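Q: Let me begin by handing over the structure; questions about it come next.
The values are calculated or read from the model by the stated rules, or taken from the named source; none is laboratory data. Treat the numbers as computed from the prediction; the structure is a model and nothing was measured. Here the Cβ positions follow ideal geometry from the backbone for every residue, glycine too, while neighbour counts run over all protein chains shown. Calculation scope for accessible area: heavy atoms of the full protein, side chains included, ligands and nucleic acids excluded. Shrake-Rupley method; radii C 1.70, N 1.55, O 1.52, S 1.80 Å.
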Amino acid sequence: MKTAIYPGSFDPVTYGHLDVIKRAAAMFDELTVSVLDNVNKIALFSVTERVNILKEVTKEMPNVKVDSFSGLLIDYAGEKDVHIAIRGLRAVTDFEYELQIAQTNRTLSKGSLDTVFLTTSLEYAYLSSSSVKEIARFHGDVSQCVPDFVAEMIYEKYGHKHR
Ligand code: ADP
């Protein structure tokens, strides 16, 4: 069975992530989207909230599982016996950072964990979780960036009833 893990913060998931999830799910028998409990990032949503949002948006995708992990991706992937990580690339700025992580993971795992990159669909190239949060924080319209229920959840976090 061909399996892969798509790790990330997903704080929260955007249409850009969803596009990568759909495309990766079509390439593998099973895809696990896994929320990284990242100690270096202050998140808007808890890991449980992010997992629940991901479960909701992927509920029609039978070969997509949602999970979370903390610590090193290579240890998590090793435990699951998965050898491919999926990452998305939007622009050159992503590339430098992602290349370094991919090479580190490949070296640390002694070749056991490879990274497959999917380039973003152009309509989502500008999208990031942080810009969505910034727009929503100041009452902006994020309906083109995230599903409606996610937009509502972000507005609520910032104390807005709705937009
Ligand atoms: P991380 O903190 O791990 O970078 P993110 O949730 O920001 O977590 O992103 C997870 C992955 O999804 C990264 O590989 C990132 O480049 C990719 N990604 C984020 N937004 C988009 C997008 N709009 N289109 C394609 N890939 C994206």
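Q: Determine, yes or no, whether T115 is free of Cβ contacts under 8 Å to residues at least 40 places away in the same chain and more than 8 Å from the ligand (Cβ to nearest atom).
A: In short, yes.
Q: Taking L99, is it surrounded by fewer than 13 Cβ atoms within 10 Å (Cβ to Cβ) and without any contact (Cβ under 8 Å) to a residue 60 or more places away in the chain?
A: When the stated conditions are applied, L99 does not pass them.
Q: Related question: Output the residues belonging to segment 118-132 that are over 13 Å from the mean Cα position of the chain (by Cα) and part of a strand (DSSP E or B).
A: The answer is T119, and nothing else.
For (1) part of a helix (DSSP H, G or I); (2) aliphatic (A, V, I, L, M), each residue gets a yes or a no:
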| site | (1), (2) |
| --- | --- |
| I5 | no, yes |
| V13 | no, yes |
| L31 | no, yes |
| K41 | no, no |
| K55 | yes, no |
| M61 | no, yes |
| G88 | no, no |
| T104 | yes, no |
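Q: Consider N52 carefully, then state whether it is within 13 Å of the ligand (Cβ to nearest atom), without any contact (Cβ under 8 Å) to a residue 24 or more places away in the chain and open to solvent by 30 Å² or more (accessible area, probe 1.4 Å).
A: For N52, the condition - within 13 Å of the ligand (Cβ to nearest atom), without any contact (Cβ under 8 Å) to a residue 24 or more places away in the chain and open to solvent by 30 Å² or more (accessible area, probe 1.4 Å) - is not met.
Q: When you scan segment 1-15, how many residues do you find that are within 8 Å of the ligand (Cβ to nearest atom) and either touching a strand residue (DSSP E or B) at 6+ places or on another chain (Cβ under 7 Å) or basic (K, R) (or both)? Steps first, answer last, please.
A: The first filter runs over segment 1-15 and keeps only residues within 8 Å of the ligand (Cβ to nearest atom), leaving 6-11, 13-15.
Okay, now just the ones that are also either touching a strand residue (DSSP E or B) at 6+ places or on another chain (Cβ under 7 Å) or basic (K, R) (or both), so 6-10.
The number of residues fulfilling the criteria is 5.
Q: Can you tell me which residue among E156, E98 is under 19 Å from the mean Cα position of the chain (by Cα), among the acidic types (D, E) and part of a helix (DSSP H, G or I)? Write out each step before concluding.
A: Values: E156 fails: under 19 Å from the mean Cα position of the chain (by Cα).
The match here is E98.
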